[in-house]
Each structure stands twice: as C-alpha cells, then as structure tokens.
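Let me begin by presenting the structure, written as structure tokens, before commenting on it.
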Amino acid sequence: QVQLVESGGGLVQPGGSLRLSCAASGSIFSIYAMGWYRQAPGKQRELVALIASGGNTNYADSVKGRFTISRDNAKNMVFLQMNSLKPEDTAVYYCNLVTRGNVYWGQGTQVTVSS
C-alpha cells in the first residue's frame with residue numbers, strides 16, 4: 001500500500017510564496033515520476049509540474065518562472081516552491097506518484113491566494 005501525504009498549503013496574499021511537500025510511503029518500486037496537479041472549483045484537474053526519476057522537469061505554461069519542483073529521492077519526497085502567487089493559482093493541489101503500472105494520488109492540500 002502506497003500513501004502520499006501533502007503539507008504546506010494555506011492562505012497567502014497575491015505575490016506571496018508557499019512551499020508544498022509530499023511524502024510517499026509504503027511499498028514503492030520503480031518510481032518513474034512525481035509531480036503536482038491542481039484542481040480549481042468548476043475546472044478539470046491539471047498538471048502543474050512533474051519531475052522524472054532522472055531529474056527532467058515539466059511545467060505548465062502558467063507557472064513557468066514562478067514555481068519550482070524538486071525531489072529528495074532518498075526520502076521519496078517531492079516539493080513545490082511557489083513564488084509570485086496569483087489569485088488564479090487558488091486550487092486544491094494534489095501530489096502524484098507514477099510507478100511501473102500504478103499511479104497514486106494524495107488527498108490534496110488547499111492553496112488560496114487572496115488579499
């Protein structure tokens with residue numbers, strides 16, 4: 001059984017920063033990639049950032065230059081540093097883990113950007 005636990009969400013003013021963390025635990029084999037998705041009310045879940053096992057990264061155009069994804073392979077953790085936050089970044093952020101044959105999701109953490 002694999003579990004993903006996110007932390008670091010909250011309320012922040014426009015222009016502020018937050019750092020999300022996700023810890024994966026359980027029987028984890030052959031991690032292909034870890035990443036972050038988000039879902040705003042009334043919208044579909046969308047990719048925010050992804051980091052492959054080799055370190056390659058992929059970002060949504062809307063967050064390029066503002067968000068940075070990183071990993072701690074030894075601890076099976078992934079992080080999302082979010083800077084220059086905008087109200088349109090408000091969403092539930094989900095951690096994602098892709099292994100050989102399986103995809104896992106965290107429970108989500110709320111990020112609200114508002115003055």
Nearby lysines by direct alpha-carbon distance to residue 86 (threshold 22 angstrom, same-chain neighbours under 8 apart not counted): 43, 64
Under-5 Å amide H pairs with residue 48, H placed in peptide plane, nonlocal only: 36, 37, 38
Distance cut-off 19 Å, percentage of C-alpha pairs in segment 19-115 lying past it: 37
Euclidean distance between Cα centres, segment 24-38 to segment 71-115, Å: 11
Portion, in percent, of the accessible area of the chain that falls on carbon or sulfur, probe 1.4 Å: 47
Kirkwood Rh and Cα Rg combined as Rg over Rh, evaluated for segment 63-103: 1.04
With DNA, RNA and ligands ignored, accessible area of residue 70 (1.4 Å probe; Å², nearest 10): 40
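The values are calculated or read from the model by the stated rules, or taken from the named source; none is laboratory data. Note that the coordinates shown come from a computational prediction; the quantities given were computed from them, not determined experimentally. Quick note on the areas: whole protein, heavy atoms, side chains included, nothing else; ligands and nucleic acids left out. Shrake-Rupley method; radii C 1.70, N 1.55, O 1.52, S 1.80 Å.
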